[in-house]
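**Student:** One structure, pasted below without further comment.
The values are calculated or read from the model by the stated rules, or taken from the named source; none is laboratory data. Remember, it's a predicted structure, so these values are computed and weren't measured experimentally. We place every Cβ from the backbone using ideal geometry, glycine too, and count neighbours over all the protein chains shown. Heavy atoms of the whole protein, side chains included, go into the accessibility calculation; ligands, DNA and RNA do not. Shrake-Rupley method; radii C 1.70, N 1.55, O 1.52, S 1.80 Å.
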Amino acid sequence: MNRRPGPAVSRRHRPGWLCIGLAMMWLLSGGRARAGSYEAELPAALFASPDLCRYAPCASVLPQAERFSLRKGQPAYVEGLRRRDGHDEVVGYVFLSTDTTPDVVGYSGKPIVTLMGMDAQGRIAGVRILRHSEPILLAGIPEEKLVDYVAQYVGKPAGSHFELGRADGTNVPMEAISGATVTVLAENQMVGRGSYAVARQVGLVRAVERPQARFTGAAAPADWAGLVAEGSVGHLKVMPEQVGEAPSARPFVDLWFGYLNEPSVGKRLLGESGYQRLLVDLKPGEHAFFVINGGSSSFKGSAFVRGGTFDRIQLSQDEDSYQFTDADYRNLYHLDVAGAPAYEESGIFILHSTSFSAAYPWKLAFLSKHAGKQGTAEYANFNASYWTPARYLQGGRPAIEVPTPAWVKAWTAKKGTIAAFLALLVSVGAFYASRMHWAARARRTDKRWTLWPHMVAWVLALGFVGTLELAQPSVVQVLTLIHAPFDGWRWDLFLSDPLIFLFWIFIAITIALWGRGVFCGWTCPYGSLSELLYRGARRLGLGRWQFALPPRWHHRLRWLKYVVLLVLVAASFHSMALAERMAEVEPFKTTFMVHVWNRSWPFVLFWSVLVALSMFMERPFCKYLCPLGAALALPSRWRLFGLKRKAECSTCKACAAGCGSQAIDPQGRIDPTECMQCLDCLVLYHDDHACPPLSMERKRREKAGLPLTPIGRDGHFIPITLVE
């Protein structure tokens, strides 16, 4: 395919500076386009003040209330009141997710701060998200989708089990948001468990009664190491950097904990006399737990006072959460077991609940609040599981239904789509692996053997992968991967979107083998759109105005995408939220997720310029602005297999003249960081009429009356061997 280089671009109309100007305009407008609750700044008093509704829009989730009480109860809630017949009538309750379910986090690993209202009959009256840090929403799902999702809770009974798409006798079906499975499952837990906890406190629902444990009397190990090894002692360690403190070798908290009601374990830990003193304190149906801490900070919390609540530790069992007050605390002066670690503080906590059972697993959680990078309060939850060893329980551990992880549900629900997507990826990979065969069958004037498969891949990438399944990879995922070693590797985060996960495996494999071009040039949804626009414009008769930048400007401006990538990476270490907003220099969200008609004018203008420019210049965004392409280009330098070249390619310019990616330098070398693997040069490599060196060899043979042998892998006719 021959392309006529366009005229030199004047200094007054440089497309590179146009792109920079548009990007800067986007950055300046980014704050105004920011989603309402994404990384919203909330006052610290919202989480600590007794007057919750002074800082939270309580009336928006319980509109029938005229005024609201102060916080009360554990977990905390406020009453919604209305004046009737001269006295106050309770019309409902309002509560905050960080009070009722502080252990639940979203896709980002941070809490989704949600305000909930429940009427006096135990029905959900309203749900409002005040703050979230979900990058998947910013990168691909409009926030309005999340607002619509939480509206489904209204009118549902408190404590319901909300499930995506499931309708049976115990579950309330919910219409899912494609691509945000982990986020909405977290909301399901917060609304279901939070409303249950409050409804149980105010008497609207009864607590689940679990069968109590009966103990065998089996002997406990003689030392601390044995108790830890069998699971009678649990461990939870949190390092300072995990809670926003300066890194240190000493843990922030180093908690060892366990259940004391089991006689053998209780006696081994406390000694015979200590255990008997504990039994005197315990009433029927009460449970005792010990906690020791060897960290630099206290599990009590700096704000703990006599008569107050331990707001840093919490115990949970299924939907039930338990917090402890000063009245539940007993001094633990000494552990009587050999090998116990040194500790700075200790305590015994008493749980007054017949719904708790030591026969079933439970968790101890450490709750942390610290100042974030922007001065706002950050919340983190760390927990460790505990289950009494089976040998201490009569009949062993009971059978329980383990909740299916969110990522497993996502994969199960999309089995057919996953199969179709894998078929597309495998087909593209197999075709490209056999590219020499297909390129040898094509000609410069007849490229159907390479062009038609390419066209099918573009149409499927645009229609099926991008438009239908919203599986457009983004530089946001690259930033998440960069930060994973620092923030903790979470497989559930990467597995939560099956198509994106599989896409990245495909990208990693093809980059290692052939470079970025198999993804960028064949399967990227936005790249496919750009390519189809360019080719469609030519079919419409606009080819005479299509152009390529002069080499000197192309080679300067192609570095711009690396600058964009560097800025995004640097910004992510300052603020991931800022980097995620800046990443909208990628037009992917506007194209596939939110759609251009739902965006504000700066996004519409930026997107429209790119679309218009794509009709006259081949892949302008991919060449000059795409930070994802830049990230994939860097490892492409070390790909295992490159495209075939001949010795004559160092002087022949035929391939370079027709290279739409402008990836072939004056010495005939193909730059793997720029090549889109269109295979046009490989077609010429085998074309004995279009490749000048091969054409000259053909003419020599024809003139000499020699036969034309097949073309070998070196791009030349196979030598003629004379047989005597």
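**Student:** Restricting to region 695-716, count the residues that are touching a residue at least 24 places away in the same chain (Cβ under 8 Å), at negative phi and either of a type in the set (Phe, Trp, Tyr) or touching a helix residue (DSSP H, G or I) at 6+ places or on another chain (Cβ under 8 Å) (or both).
**Tutor:** Of the residues in region 695-716, the ones touching a residue at least 24 places away in the same chain (Cβ under 8 Å) are 711, 713-716.
Now narrow it down to the ones that are at negative phi: 711, 713-714, 716.
Checking the rest, the ones that are also either of a type in the set (Phe, Trp, Tyr) or touching a helix residue (DSSP H, G or I) at 6+ places or on another chain (Cβ under 8 Å) (or both) come to 711, 713, 716.
The qualifying residues number 3.
**Student:** Determine if region 345-359 includes at least one residue that is modelled with pLDDT of 90 or more, open to solvent by 20 Å² or more (accessible area, probe 1.4 Å), more than 30 Å from Gln189 (Cβ to Cβ) and touching a strand residue (DSSP E or B) at 6+ places or on another chain (Cβ under 8 Å). Before the answer, list the steps.
**Tutor:** Going residue by residue through region 345-359, those that are modelled with pLDDT of 90 or more are 345-351, 356-359.
If we keep only those that are open to solvent by 20 Å² or more (accessible area, probe 1.4 Å) as well, we get 345.
If we keep only those that are more than 30 Å from Gln189 (Cβ to Cβ) as well, we get 345.
Filter once more, keeping what is touching a strand residue (DSSP E or B) at 6+ places or on another chain (Cβ under 8 Å): 345.
Yes; the residues of region 345-359 include at least one that is modelled with pLDDT of 90 or more, open to solvent by 20 Å² or more (accessible area, probe 1.4 Å), more than 30 Å from Gln189 (Cβ to Cβ) and touching a strand residue (DSSP E or B) at 6+ places or on another chain (Cβ under 8 Å).
**Student:** Would you check if Leu479 is surrounded by 19 or more Cβ atoms within 10 Å (Cβ to Cβ) and either farther than 19 Å from Ile511 by Cβ or among the hydrophobic types (A, V, I, L, M, F, W, C) (or both)? Please lay out each step first, then the result.
**Tutor:** Values: surrounded by 19 or more Cβ atoms within 10 Å (Cβ to Cβ): yes; either farther than 19 Å from Ile511 by Cβ or among the hydrophobic types (A, V, I, L, M, F, W, C) (or both): yes.
Yes; evaluated as a whole, the condition is true for this residue.
**Student:** What number of residues within region 261-282 satisfy the criterion of being farther than 15 Å from Tyr333 by Cβ, exposed (fewer than 13 other Cβ atoms within 10 Å of the Cβ) and in contact (Cβ under 8 Å) with a residue 40 or more places away in the chain?
**Tutor:** Total satisfying the criteria: 0.
**Student:** Among the candidates Leu46, Leu81, single out the residue that is at pLDDT 90 or above, open to solvent by less than 30 Å² (accessible area, probe 1.4 Å) and either under 30 Å from Ser661 (Cα atoms) or part of a helix (DSSP H, G or I) (or both). Outline the logic, then answer.
**Tutor:** Values: Leu81 fails: either under 30 Å from Ser661 (Cα atoms) or part of a helix (DSSP H, G or I) (or both).
Just one listed residue meets the conditions, Leu46.
**Student:** Would you pick out the residues in region 168-223 that are open to solvent by 10 Å² or more (accessible area, probe 1.4 Å) and charged (D, E, K, R)?
**Tutor:** Asp168, Glu175, Arg193, Arg200, Arg206, Glu209, Arg210, Arg214, Asp223
**Student:** Can you list the helices (runs of 4 or more DSSP H) lying wholly within region 485-582 that have 1 or more residues being aromatic (Phe, Trp, Tyr) and surrounded by fewer than 20 Cβ atoms within 10 Å (Cβ to Cβ)?
**Tutor:** 491-495, 498-514, 551-557, 560-574
**Student:** Which one is most open to solvent (accessible area, probe 1.4 Å) among residues in region 637-654 that are assigned to a helix (DSSP H, G or I) and touching a helix residue (DSSP H, G or I) at 6+ places or on another chain (Cβ under 6 Å)?
**Tutor:** Initially, region 637-654 is screened for residues assigned to a helix (DSSP H, G or I), giving 647-650, 654.
Cutting the leftovers down to touching a helix residue (DSSP H, G or I) at 6+ places or on another chain (Cβ under 6 Å) gives us 648, 654.
Numbers: Glu648: 65, Ala654: 29 Å².
Restricting to residues being assigned to a helix (DSSP H, G or I) and touching a helix residue (DSSP H, G or I) at 6+ places or on another chain (Cβ under 6 Å), the top hit is Glu648.
**Student:** Also, quick follow-up: Mind counting the residues in region 189-225 that are more than 30 Å from Thr404 (Cβ to Cβ), part of a helix (DSSP H, G or I) and under 39 Å from the mean Cα position of the chain (by Cα)?
**Tutor:** Number of matching residues: 1.
**Student:** Continuing with the same structure: Could you tell me which numbered condition Gln394 fails, if it satisfies all but one of (1) in contact with a helix residue (DSSP H, G or I) (Cβ under 9 Å, 6 or more places away or on another chain); (2) open to solvent by 60 Å² or more (accessible area, probe 1.4 Å)?
**Tutor:** Every listed condition holds for Gln394 apart from (1).
**Student:** Ok, one more. Out of Phe299, Phe310, I need the residue that is over 30 Å from Gly396 (Cα atoms), touching an Asp or Glu at 6+ places or on another chain (Cβ under 9 Å) and touching a residue at least 60 places away in the same chain (Cβ under 8 Å). Which one? Even if it seems obvious, please write down each step before you answer.
**Tutor:** Details: Phe310 fails: touching a residue at least 60 places away in the same chain (Cβ under 8 Å).
Testing whether each residue is over 30 Å from Gly396 (Cα atoms), touching an Asp or Glu at 6+ places or on another chain (Cβ under 9 Å) and touching a residue at least 60 places away in the same chain (Cβ under 8 Å) leaves just Phe299.
**Student:** Just to check your reading of the model, which residue among Tyr93, Tyr107, Tyr55 is open to solvent by 30 Å² or more (accessible area, probe 1.4 Å), aromatic (Phe, Trp, Tyr), closer than 22 Å to Val147 by Cα and modelled with pLDDT of 90 or more? First the steps, then the outcome.
**Tutor:** Values: Tyr93 fails: open to solvent by 30 Å² or more (accessible area, probe 1.4 Å); Tyr107 fails: modelled with pLDDT of 90 or more.
Among Tyr93, Tyr107, Tyr55, only Tyr55 is open to solvent by 30 Å² or more (accessible area, probe 1.4 Å), aromatic (Phe, Trp, Tyr), closer than 22 Å to Val147 by Cα and modelled with pLDDT of 90 or more.
**Student:** Among residues belonging to region 381-390 that are open to solvent by 20 Å² or more (accessible area, probe 1.4 Å) and assigned to a strand (DSSP E or B), point out the one that is modelled with the lowest pLDDT.
**Tutor:** Asn381
**Student:** Tell me which residues, restricted to region 607-621, are open to solvent by 10 Å² or more (accessible area, probe 1.4 Å) and assigned to a helix (DSSP H, G or I).
**Tutor:** Trp607, Ser608, Val609, Val611, Ala612, Leu613, listed by residue number.
**Student:** Anything in region 692-714 that is over 23 Å from Pro453 (Cα atoms) and in a loop (DSSP other than H, G, I, E, B)? List them, or say none.
**Tutor:** Across region 692-714, the qualifying residues are Gly705, Leu706, Pro707, Leu708, Thr709, Pro710, Gly712, Asp714.
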